[in-house]
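Okay, so here's the structure we're looking at.
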Amino acid sequence: MGNKDLDHFVWQHFTPFSIGFDETFQRLEAIAGAGTSYPPYNVINGPDGRTSLEIALAGFSGDDIEVTTERNVLTVRAYPVKEDNNDYKHKGIASRSFTRSWQLGADVEVDNVTFENGLLTVDLQKHIPEAQKHKLWFGKELNKLDASAS
């Protein structure tokens with residue numbers, strides 16, 4: 001039994017006891033099977049639920065790149081259209097077509113996308129619902145807030 005079979009086998013143990021989690025298990029299987037390293041990228045945690053995804057795309061132009069979201073999946077595709085007729089002695093900068101996807105949490109949205117100097121940056125924002133935000137209902141700090149408001 002290969003690793004892929006083992007991954008699916010493990011989830012089969014949980015699915016009979018989980019109702020409404022089919023999409024969650026499908027997303028986890030997609031993450032487990034997404035083992036490509038091209039193109040190289042960084043994930044940078046920022047303040048207030050912000051995250052930046054930086055993708056190195058040397059040799060691509062903005063016209064070659066497409067960034068989409070659908071059903072909590074961020075997908076970056078690149079199709080270089082430039083014909084390259086150079087006679088390389090060594091070609092170390094890859095500019096091949098690719099599609100790369102990242103699973104997003106249900107409360108994460110794309111805030112901004114920029115492409116500058118061969119670096120694609122996707123800024124993401126996690127929106128925390130009001131019901132999930134930290135609230136102080138009782139305690140010393142609440143008394144301090146009440147005193148300063150008067």
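Some values worked out for this structure:
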item: When residues of the range 89-105 are limited to those that are part of a loop (DSSP other than H, G, I, E, B) and modelled with pLDDT of 85 or more, the one farthest from residue 72 (Cα to Cα); result: 89
item: Residues located in the range 100-133, provided they are under 18 Å from residue 61 (Cβ atoms) and surrounded by 10 or more Cβ atoms within 10 Å (Cβ to Cβ); result: 100, 113, 114, 115, 118, 119, 120, 121, 122
item: Only one of 86, 42 that is assigned to a strand (DSSP E or B) and free of Cβ contacts under 8 Å to residues at least 24 places away in the same chain; result: 42
item: Qualifying residue in the range 75-85 (condition: modelled with pLDDT under 90, surrounded by 15 or more Cβ atoms within 10 Å (Cβ to Cβ) and of a type outside the set (A, V, I, L, M, F, W, C)); result: yes
item: Tally, over the range 66-83, of residues that are on the phi > 0 side of the Ramachandran plot and either in contact (Cβ under 8 Å) with a residue 24 or more places away in the chain or not in a loop (DSSP other than H, G, I, E, B) (or both); result: 1
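The values are calculated or read from the model by the stated rules, or taken from the named source; none is laboratory data. Because the structure is predicted, anything quoted here is derived from the model rather than measured. Methodologically, a virtual Cβ is constructed for each residue, glycine included, from the backbone with ideal geometry; neighbour enumeration extends over all protein chains shown.
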